[in-house]
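Working notes for the structure below.
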Amino acid sequence: MSKPFQVPKSLKKNPFHYCPGCQHGVAHRLVCEVIDELGIQDKSLAISSIGCSVFLYFYIDVDMTEAPHGRACAAATGAKRARPDLMVFTYQGDGDFAAIGFNESFQAAARGEKITSIMINNNIYGMTGGQASPTTLPGQKTTTTPAGRDPETFGYPPKIAEILATLEGVAYSARVALNSPKRIVEAKKAIKNAFLAQIKNLGFGFVEILSTCPINWKMDPVSAVKAVDKVIEYFPLGIFKDKVTPFLKNLK
Amino acid sequence: MKKDKKILAKGVEAIVFGALEAECKCYFGYPITPQNDIPELMSRELPKRGGVFLQAESELAAINMILGACATGARAMTSSSSPGISLMCESFSYLAALEFPAVVVNVMRGGPGLGGIETSQGDYFQATKGSGHGDFRFLVLAPSNAQEAYELTAKAFELAEKYRNPVMVLLDAILGQMKEPLVLKKLKIKKYPPETWALTGAKGRNSRFFRSLFLDAEELKQHNLKLMKKYQSMQKEIRYEAKIEEGDMVLVVAFGSMARLANEAIEDLRNKGYQVGYFRPITLYPFPYKPLKEIVTQAKKPLKILVPEQNCGQMVEDVKLAVEGKAEVISLPYPPSVVPFPEDLKKEIKKCLNLSKSRKV
Ligand SMILES: Cc1ncc(C[n+]2csc(CCOP(=O)(O)OP(=O)(O)O)c2C)c(N)n1
Ligand code: SF4
Ligand SMILES: [Mg+2]
């Protein structure tokens, strides 16, 4: 018999503050389901970052602190080094992880910190009202690229999941999306593996989640969900590094 | 009874020994002269004691590693020198807002910009008034010799935990790099159990969270008022050293290395019959306004106050605030890297004395 649909234990009952059609909430839920399934709610320490998801502490029921904009991976490093027994994870936006905080993210990954990082890539600075982010698509209009992002002037968007996969310290790196039920199931698997990379002490676990920002993309929720397919053309979905699956197989 | 070990140590080494005496568990830092002995010594000593040493990729990373470690309740410390401290300032504000007990050491070098690596007291303003955005306060301890650097660094951990607030140990480069005798005394450093507040995994209790964002105006006001109350309660930590006698006509106010020069100058002048006193703030925040004001108001003769500093005149502003116009305050600035001799100070003090006399006539 299949289990009835339930609210994850580690998801607080507070209503989300996110805009209609925003997928931060979907991603929160997946993280909570994984926390419950791995039984790590009372061993977790989360770092909430500066972006629309700064209020993560109102939603995920684990010990948590905010870190300054971009510094989540450094804060997570300090926490994990001080308390290696805790499961330490960050939840960051594309601006937080890949612009202002890229060095902290990159260096923590390169060191192989035993932490898990979730980057919500909505190709924009949601919280500050829709300015361009490093991952804004070529041609994409934002409030600071009113004519669309011209790579000649603004450069090309970096593919973070692929870049991190090249680092020895990274045990798991994947890009997923949330715009179909199948993709949501795959996203959850990826999040679980990124946590298992930490639990099994294999290295840095990373998931880049392609997400919507209807309000700043100037779209209704349904069109925004569809538009993620366009994003996937530039940012292909996939698992770019996986030391977790072979490790688990070897255990059997 | 076992005698305390006496060694010859630089100020920066004394800081490490002080931190270890306080059972500091984590050190994160990024190299910068003139304080590299601190990370180097920590990298050897901490792992031996089951602690954590990690060289960060920048001061930005280092201070946020401290933030993460402190969040778990671990005793954690970073050190840097002036430009590196500037880079940490945003995070100092977060540490204060989140109420995490971090210990930060600044071994000051000359500025502005890259400045120089010679001695300086140029970061007085930054440490006491401008170490980040928003209304918050650092507790600032300014040792003036290796022994004090050892003891105050250890004490810094206790104070950080007592107030759940960042504490800075502010040292001039010359104190950091000079070797002097140091007694590795056993110190009684009180511990405040982190279990009551820290992020340790929500086992057998509700989860906890720390935030500095309050979009609700009333909530932000309450948060600020709570912090303000805490800063007011820190006033009882005021420390200073004073040598003042009835009839003194000049009072020299100085901190750190400059206070040592001043002390030597006034001792010598006193032996020769001059009436000069000495006042050294040890806590720069909270600044000893009240004791200083009392000295001025209780003086039998009008006092002149001379404020030599290894900068272009910073602490002098606090001295003026303290005396509330009841004494003449004279700034004696020595820009970074220009170290005066006690003879130079004596000349300046004598000038003041003559002026005081002539005024009395
Ligand atoms: C030091 C600093 N600079 C700038 C900001 C303003 N700021 C807040 S969130 C943000 C960008 C957020 O974008 P992202 O990380 O992509 O998160 P999203 O809101 O899109 O989920 C910026 C620039 C800040 N809070 N701190
Ligand atoms: S601004 Fe964008 S990212 Fe932020 S809540 Fe709204 S839809 Fe979500
Ligand atoms: Mg974003």
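The values are calculated or read from the model by the stated rules, or taken from the named source; none is laboratory data. All values reported here derive from a predicted model rather than from experimental measurement. Here Cβ is always computed from backbone atoms with ideal geometry, including for glycine, and neighbour counts include all displayed protein chains. The area values use the complete protein model at the heavy-atom level, side chains included, leaving out ligands, DNA and RNA. Shrake-Rupley method; radii C 1.70, N 1.55, O 1.52, S 1.80 Å.
Brief remarks follow.
- Qualifying residue in the stretch A:134-143 (condition: open to solvent by 60 Å² or more (accessible area, probe 1.4 Å) and either more than 11 Å from ligand 1 (Cβ to nearest atom) or in contact (Cβ under 8 Å) with a residue 40 or more places away in the chain (or both)): yes
- Residue under evaluation B:Glu90, criteria (1) closer than 21 Å to B:Leu141 by Cα; (2) surrounded by fewer than 22 Cβ atoms within 10 Å (Cβ to Cβ); (3) within 11 Å of another protein chain (Cβ to nearest Cβ); (4) touching a strand residue (DSSP E or B) at 6+ places or on another chain (Cβ under 7 Å), criterion not met: (4)
- Residue within the stretch A:78-98 that is within 16 Å of ligand 2 (Cβ to nearest atom) and either free of Cβ contacts under 8 Å to residues at least 24 places away in the same chain or over 16 Å from the mean Cα position of the chain (by Cα) (or both) present: no
- Of all residues in the stretch A:226-240 being in contact (Cβ under 8 Å) with a residue 40 or more places away in the chain and over 17 Å from the mean Cα position of the chain (by Cα), the one that is farthest from A:Leu137 (Cα to Cα): A:Lys226
- Residues of the stretch A:98-116 satisfying the condition of being more than 11 Å from every other protein chain (Cβ to nearest Cβ), touching a Cys at 6+ places or on another chain (Cβ under 8 Å) and within 16 Å of ligand 1 (Cβ to nearest atom): none
- In the stretch A:177-196, the count of residues that are part of a loop (DSSP other than H, G, I, E, B), within 14 Å of chain B (Cβ to nearest Cβ), touching a Ser or Thr at 6+ places or on another chain (Cβ under 9 Å) and away from ligand 1 (no atom under 16 Å from the Cβ) is zero.
- All conditions in (1) buried (at least 24 other Cβ atoms within 10 Å of the Cβ); (2) in contact (Cβ under 8 Å) with a residue 40 or more places away in the chain; (3) not β-branched (Val, Ile, Thr) hold for B:Met65, with the sole exception of (2).
- So A:Gly78, is it within 16 Å of ligand 3 (Cβ to nearest atom) and not charged (D, E, K, R): no
So that you can scan it fast, the table gives a plain yes or no per residue for (1) facing another protein chain (nearest Cβ under 7 Å); (2) within 16 Å of ligand 3 (Cβ to nearest atom); (3) open to solvent by 50 Å² or more (accessible area, probe 1.4 Å); (4) in a helix (DSSP H, G or I):
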residue: A:Phe5; (1), (2), (3), (4): no, no, yes, no
residue: A:Lys13; (1), (2), (3), (4): no, no, yes, no
residue: A:Gly21; (1), (2), (3), (4): no, yes, no, no
residue: A:Gly25; (1), (2), (3), (4): no, yes, no, yes
residue: A:Val31; (1), (2), (3), (4): no, no, no, yes
residue: A:Ala46; (1), (2), (3), (4): no, no, no, no
residue: A:Phe55; (1), (2), (3), (4): no, yes, no, yes
residue: A:Ala74; (1), (2), (3), (4): yes, no, no, yes
residue: A:Asp85; (1), (2), (3), (4): no, no, yes, no
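- Scanning the stretch A:87-108 for residues being buried (at least 24 other Cβ atoms within 10 Å of the Cβ), more than 16 Å from ligand 3 (Cβ to nearest atom) and assigned to a helix (DSSP H, G or I) gives a total of 2.
- Residue check, B:Ser79 touching a Leu at 6+ places or on another chain (Cβ under 8 Å) and polar (S, T, N, Q): no
- Of all residues in the stretch B:47-69, those that are away from chain A (no Cβ under 12 Å) and touching a Ser or Thr at 6+ places or on another chain (Cβ under 7 Å) total 0.
- Only helices (runs of 4 or more DSSP H) whose full extent lies in the stretch B:114-220 are considered here, and the ones with at least 2 residues that are touching a residue at least 12 places away in the same chain (Cβ under 8 Å) and among the aromatic types (Phe, Trp, Tyr) are B:124-128, B:146-163.
- Any hit, the stretch A:142-164, residues being among the acidic types (Asp, Glu), within 16 Å of ligand 2 (Cβ to nearest atom) and under 26 Å from B:Glu57 (Cβ atoms): no
- Within the stretch B:1-27, residues that are farther than 24 Å from B:Met168 by Cα reach partners that are outside any strand (DSSP E or B) with beta carbons closer than 8 Å, at six or more positions or on different chains, in the pairs B:Asp4/B:Lys185; B:Asp4/B:Lys186.
- For beta carbons closer than 7 Å, sequence separation of 6+ or different chains, a first residue in the stretch A:57-75 that is aromatic (Phe, Trp, Tyr) and a second that is within 16 Å of ligand 3 (Cβ to nearest atom) and open to solvent by less than 10 Å² (accessible area, probe 1.4 Å), the qualifying pairs are A:Tyr57/A:Ser48; A:Tyr59/A:His28.
- Any hit, the stretch B:70-78, residues being more than 8 Å from chain A (Cβ to nearest Cβ), open to solvent by less than 10 Å² (accessible area, probe 1.4 Å), out of contact with any Lys or Arg (no Cβ under 7 Å at 6 or more places or on another chain) and in a helix (DSSP H, G or I): no
A quick yes/no check of all residues on (1) closer than 17 Å to B:Lys347 by Cβ; (2) surrounded by 17 or more Cβ atoms within 10 Å (Cβ to Cβ); (3) in contact (Cβ under 8 Å) with a residue 24 or more places away in the chain:
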site	(1), (2), (3)
B:Val252	yes, yes, yes
B:Arg260	no, yes, yes
B:Asn263	yes, yes, no
B:Arg280	no, yes, yes
B:Leu284	no, yes, yes
B:Leu292	no, yes, yes
B:Thr297	no, no, yes
B:Pro302	no, no, yes
B:Val307	yes, yes, yes
